[in-house]
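Single-structure report; data block below.
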Amino acid sequence: MHYSVRPLSDVMAVEIEGIDLREPLNAETISALNDIFLEHCAICFRNQNLDIASFVTAAKNFGKPKQHLYRAYRLDDFPEVSIVSNEDKDTHGTGKTYNRAAHFHSDEIYKEIPCKATMLYADVVPRIGGETRFINLRKAYVALPEKKKQEIDGLKALFRHQHSIFKKSTNDPLLVLPKLSKEEAKEVPDVIHPVVRTHPENGTKALFITNTRTEFVINMEASESEALLQSLYSHIYTDRFQYHHHWRKGDMVMWDNRCLLHAATPNVPDGEKRRLFRTILEGSRPV
Ligand SMILES: O=C(O)CCC(=O)C(=O)O
Ligand SMILES: [Fe+2]
């Protein structure tokens with residue numbers, strides 16, 4: 001199969017043209033695409049034309065789709081798919097449209113076995129705005145001073161879905177967390193993960209923390225843990241490790257949550273629509 005692969009930035013992500021994800025992919029192509037995915041952490045398949053059923057079929061080339069924690073997001077006919085839309089309403093709170101996922105995160109990092117990848121398909125894109133921002137945590141780890149790497153290798157941290165930052169920052173419209181049902185809450189008890197994660201498929205190391213889910217470092221004085229996390233955040237949350245994806249209609253982007261953070265950009269002008277199909281792929285326990 002002939003397709004072109006071009007980098008989208010210096011820090012991560014490639015775009016691929018010449019693949020129609022409505023068609024079955026052979027094992028050799030899937031394996032080549034997986035190698036590209038592992039190296040660049042994100043792939044954008046341009047010019048796709050998918051409905052929900054073909055979106056699910058496309059996703060299955062790369063793993064096993066799983067369902068969103070929030071039951072309300074699941075589509076009735078395809079429960080492993082949800083719709084990301086700038087018209088989402090905060091049904092638990094104000095009832096107004098709200099900015100979902102506007103803070104940097106790694107999907108399901110608060111779960112014992114987080115998903116490995118997320119796939120978004122751009123069904124409707126706004127004329128401007130609505131970029132998805134990404135941070136390469138593998139590059140961020142590599143760029144740390146050796147002393148810092150030694151200090152943090154082997155540390156573990158506690159991850160919490162209902163992180164204290166959401167309670168502390170109640171005036172911040174970007175920090176909205178839908179309330180969980182009892183059933184949903186049972187699915188997300190606090191979990192412990194390594195602060196530096198080793199990629200299960202290629203052995204590379206990446207920082208594995210976010211300021212909205214990492215509550216504290218285990219076996220460390222609270223103030224020391226907070227100081228360490230804040231110093232790592234100021235290293236991570238800078239432009240140097242970032243790529244911003246400007247969506248075109250028909251883009252199917254798949255990214256690796258084991259080495260990237262991502263965030264929606266809540267800048268879609270009034271009157272414009274943004275609508276993406278979403279699924280996540282089963283992953284493994286972080287080590
Ligand atoms: O809307 C976006 O750009 C990102 C949404 C997101 O965080 C997700 O689908 O996991
Ligand atoms: Fe996300």
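Considering segment 2-22, the residues that are over 22 Å from the mean Cα position of the chain (by Cα) and surrounded by fewer than 12 Cβ atoms within 10 Å (Cβ to Cβ) include one that is farthest from Leu261 (Cα to Cα), namely His2.
In the condition set (1) farther than 18 Å from Phe166 by Cα; (2) under 19 Å from the mean Cα position of the chain (by Cα); (3) surrounded by 16 or more Cβ atoms within 10 Å (Cβ to Cβ), Thr214 is compliant with all but (1). A single entry from Ala143, Ala206, Ala185 fulfils the requirement of being of a type outside the set (D, E, K, R) and open to solvent by less than 20 Å² (accessible area, probe 1.4 Å): Ala206. Leu175 fails exactly one of the following numbered conditions: (1) over 29 Å from Ala59 (Cα atoms); (2) within 13 Å of ligand 1 (Cβ to nearest atom). What is the number of that condition? Unmet condition: (2).
For segment 206-260, give me the residue count where each residue is small (Gly, Ala, Ser) and closer than 27 Å to Lys64 by Cβ. Residues in segment 206-260 being small (Gly, Ala, Ser) and closer than 27 Å to Lys64 by Cβ: 2 in total. Scanning segment 266-287 for residues that are within 14 Å of ligand 2 (Cβ to nearest atom) and at pLDDT below 95 yields a single hit, Pro266.
Screening Glu183, Glu112, Glu151 for residues that are under 17 Å from the mean Cα position of the chain (by Cα) and either farther than 24 Å from Cys41 by Cα or in contact (Cβ under 8 Å) with a residue 60 or more places away in the chain (or both) leaves exactly one candidate, Glu112. Residue count for segment 217-232, restricted to those that are within 18 Å of Ser106 (Cα to Cα) and open to solvent by less than 30 Å² (accessible area, probe 1.4 Å): 3. Summed over segment 267-277, the residues that are near ligand 1 (Cβ under 9 Å from one of its atoms) and part of a loop (DSSP other than H, G, I, E, B) give a count of 1. Can you spot a residue in segment 79-102 that is modelled with pLDDT of 95 or more, touching a Gly at 6+ places or on another chain (Cβ under 7 Å) and surrounded by 15 or more Cβ atoms within 10 Å (Cβ to Cβ)? Scanning segment 79-102 turns up no residue that is modelled with pLDDT of 95 or more, touching a Gly at 6+ places or on another chain (Cβ under 7 Å) and surrounded by 15 or more Cβ atoms within 10 Å (Cβ to Cβ). The set of residues from segment 233-257 being open to solvent by less than 10 Å² (accessible area, probe 1.4 Å) and either closer than 25 Å to Asn61 by Cβ or in a loop (DSSP other than H, G, I, E, B) (or both) comprises His245, Gly250, Asp251, Met252, Val253, Met254, Trp255, Asp256, Asn257.
The values are calculated or read from the model by the stated rules, or taken from the named source; none is laboratory data. All of these numbers come straight from a predicted model, not from anything done at the bench. Positions of Cβ are generated from backbone atoms using ideal geometry, with glycine treated the same way; all protein chains shown enter the neighbour counts. Quick note on the areas: whole protein, heavy atoms, side chains included, nothing else; ligands and nucleic acids left out. Shrake-Rupley method; radii C 1.70, N 1.55, O 1.52, S 1.80 Å.
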